[in-house]
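The values are calculated or read from the model by the stated rules, or taken from the named source; none is laboratory data. As the structure is a prediction and not an experimental result, all values here were calculated from the model. Every residue, glycine as well, gets a Cβ built from its backbone with ideal geometry; the counts of neighbours run over all protein chains shown. Side chains are part of the model used for accessible areas, which takes the heavy atoms of the whole protein and leaves out ligands, DNA and RNA. Shrake-Rupley method; radii C 1.70, N 1.55, O 1.52, S 1.80 Å.
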Amino acid sequence: MDAGITIIGAGVIGLAIAEELSANNGNVFLIEKHRTFGQETSSRNSEVIHAGIYYTKDSLKAKLCLTGNKLLYDYCRKYDIPHNNCGKLIVATTDEEVRIIQGIMQTAAMNGVELVMYDKDRIYDLEPNIFALKALYSPSTGIVDSYSLMKRFETNTLNNGGQIAYGSEVKGIRRIDGGYEISLLDSEKTEYSFTTQIVINSAGLSSDKISEMAGIKDENMKIYFCKGEYFKINPPKNRLLKRLVYPVPHHNMEGIGIHVTVDMGGGVRLGPDVKYLDSNVYDYSLTPSKQEAFWSSARKFLPFLNYDDISPEMAGIRPKIQKKGDPLRDFYISEESRRGYPGFINLVGMESPGLTSSIAIAKYVNTLIGEYNIIL
Ligand SMILES: Cc1cc2nc3c(=O)[nH]c(=O)nc-3n(C[C@H](O)[C@H](O)[C@H](O)COP(=O)(O)OP(=O)(O)OC[C@H]3O[C@@H](n4cnc5c(N)ncnc54)[C@H](O)[C@@H]3O)c2cc1C
């Protein structure tokens, strides 16, 4: 075989996997269709290090987020990656929401996540400019500079001896004796192919298509593009907030409301909202006409905000396997021997908290390789 392990997709998850696996294995290849890493979902998100509050107990999302949170803070400290363990407030603005956040506290406790209930005085100490009757404070939530994180994963992969091919798009995957043949198109539109023992599909929004290329087609793994737009709070009012402030979430968790996130540069943004796209097109366009909806939603807990204080900023697309209106789905991470594809590992539906969980996911993938006795 030309390669031992081939990872498809240099987003934050593919890069984390590449670093983890190249530390102990020779012949690790990472293939990415763009000319550099993180050009899709991994650079169009809120950059929040989540605590793991909302996920179903014992789900991969709950477990990998909780472990990933700690691993990510450790990693950021070790490699000097800009991050801020600033904490998050979940704010209740009505009596009904106060009851809901009491329920959230119980779910979080079942997942092993610490939350503290704050009254108005304590909220004022932390964020004097917001309105809330009560709030849950999550001390383990924070933010990270995702570009620096991905850059470090890339550097460590290369230092470990791993190889990265940018500008190379996977066009075909064929099962062969003892592995797979991968066909690629490079940036000069030249076709080439190579063989590999293990394939790790970490292709984000295209991960269902990559799986189908190999022959694994499953309606349960179909990706639905779900767009989220952000508005930024214009200076100087961005300086009125220091940490993350979230409203009470929607009941089916398709998104978690128009929340406030801060970034490492002092920027403050509102969003993302939630809109399933009619077809799977890369639509990152902004919708200025949403200003009224964002403003009126955020004003419930940001009383200082005037209509003109916000402007459209950016959009990202969630790779959801949860159909519109369906209950919450877990990450799909599976070694596909049971379908007749030994050594093929699918990662599909890697939406939030994928950034937080990236290092924990990489370690989980490493154990899958060990469990299935894939010998390199
Ligand atoms: C709006 C929004 C907000 C979010 N906020 C947060 C947050 O605050 N905290 C958090 O933890 N998570 C958050 N997430 C989730 C997080 O961003 C994702 O889980 C994570 O970025 C997914 O990383 P990835 O590597 O799987 O995917 P991607 O970053 O999409 O990378 C996949 C890569 O595969 C490549 N690729 C695809 N097809 C091919 C092919 N045929 N050949 C070669 N390469 C290919 C793509 O070019 C791409 O670079 C958010 C997501 C969104 C959309």
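Per-structure values
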{"item": "Condition met for Tyr55 (modelled with pLDDT under 95, within 14 Å of the ligand (Cβ to nearest atom), open to solvent by 10 Å² or more (accessible area, probe 1.4 Å) and not basic (Lys, Arg))", "result": "yes"}
{"item": "The listed residue being assigned to a strand (DSSP E or B), within 14 Å of the ligand (Cβ to nearest atom) and more than 23 Å from Gln39 (Cβ to Cβ), out of Ser193, Ser183", "result": "Ser193"}
{"item": "Residues (at pLDDT 95 or above and not in a loop (DSSP other than H, G, I, E, B)) located in the range 296-316", "result": "Tyr307, Asp308, Asp309, Ile310, Ser311, Pro312, Glu313, Met314, Ala315, Gly316"}
{"item": "Odd one out for Tyr307, checked against (1) of a type outside the set (Lys, Arg); (2) open to solvent by 10 Å² or more (accessible area, probe 1.4 Å); (3) touching a residue at least 40 places away in the same chain (Cβ under 8 Å)", "result": "(3)"}
{"item": "Qualifying residue in the range 117-139 (condition: within 16 Å of the ligand (Cβ to nearest atom), over 25 Å from Ser297 (Cα atoms) and touching a Gly at 6+ places or on another chain (Cβ under 9 Å))", "result": "no"}
{"item": "From Ser311, Ser296, Ser352, residue being closer than 26 Å to Gly9 by Cα and hydroxyl-bearing (Ser, Thr, Tyr)", "result": "Ser352"}
{"item": "The range 323-337 residues that are among the hydrophobic types (A, V, I, L, M, F, W, C), paired with ones that are open to solvent by 60 Å² or more (accessible area, probe 1.4 Å) (beta carbon under 7 Å, 6 or more apart)", "result": "Leu328/Thr56; Ile333/Tyr364"}
{"item": "Contacts under 9 angstrom Cβ, first residue in the range 187-202 being on the phi > 0 side of the Ramachandran plot and open to solvent by less than 60 Å² (accessible area, probe 1.4 Å), partner assigned to a strand (DSSP E or B) and polar (S, T, N, Q), 6 or more apart", "result": "none"}
{"item": "Yes/no for Thr56 being closer than 28 Å to Leu136 by Cβ, under 19 Å from the mean Cα position of the chain (by Cα) and part of a loop (DSSP other than H, G, I, E, B)", "result": "yes"}
{"item": "Matching option when the condition is part of a strand (DSSP E or B) and either buried (at least 18 other Cβ atoms within 10 Å of the Cβ) or modelled with pLDDT under 95 (or both), among Pro272, Pro319, Pro327", "result": "Pro319"}
{"item": "Candidates Val170, Val113 - the one that is within 16 Å of the ligand (Cβ to nearest atom), surrounded by 22 or more Cβ atoms within 10 Å (Cβ to Cβ), in contact (Cβ under 8 Å) with a residue 60 or more places away in the chain and assigned to a strand (DSSP E or B)", "result": "Val170"}
{"item": "One residue from Lys222, Lys217 being open to solvent by 20 Å² or more (accessible area, probe 1.4 Å), more than 14 Å from the ligand (Cβ to nearest atom) and modelled with pLDDT under 95", "result": "Lys217"}
{"item": "The lone exception for Lys70 - which of (1) surrounded by 14 or more Cβ atoms within 10 Å (Cβ to Cβ); (2) within 16 Å of the ligand (Cβ to nearest atom) it fails", "result": "(1)"}
{"item": "So Ile198, is it in a strand (DSSP E or B) and in contact with a His (Cβ under 7 Å, 6 or more places away or on another chain)", "result": "no"}
{"item": "Asn160 of a type outside the set (Asp, Glu), open to solvent by 50 Å² or more (accessible area, probe 1.4 Å), more than 10 Å from Leu89 (Cα to Cα) and within 27 Å of the chain's Cα centre (by Cα)", "result": "yes"}
{"item": "Residue satisfying all of: in the range 94-110; hydrophobic (A, V, I, L, M, F, W, C) and over 25 Å from Arg299 (Cβ atoms); least open to solvent (accessible area, probe 1.4 Å) among these", "result": "Ala108"}
{"item": "Number of the condition not met by Val91 [criteria: (1) under 24 Å from Ser297 (Cα atoms); (2) of a type outside the set (Ser, Thr, Tyr); (3) open to solvent by less than 20 Å² (accessible area, probe 1.4 Å); (4) within 14 Å of the ligand (Cβ to nearest atom)]", "result": "(4)"}
{"item": "Check on Lys227, part of a strand (DSSP E or B) and open to solvent by 50 Å² or more (accessible area, probe 1.4 Å)", "result": "no"}
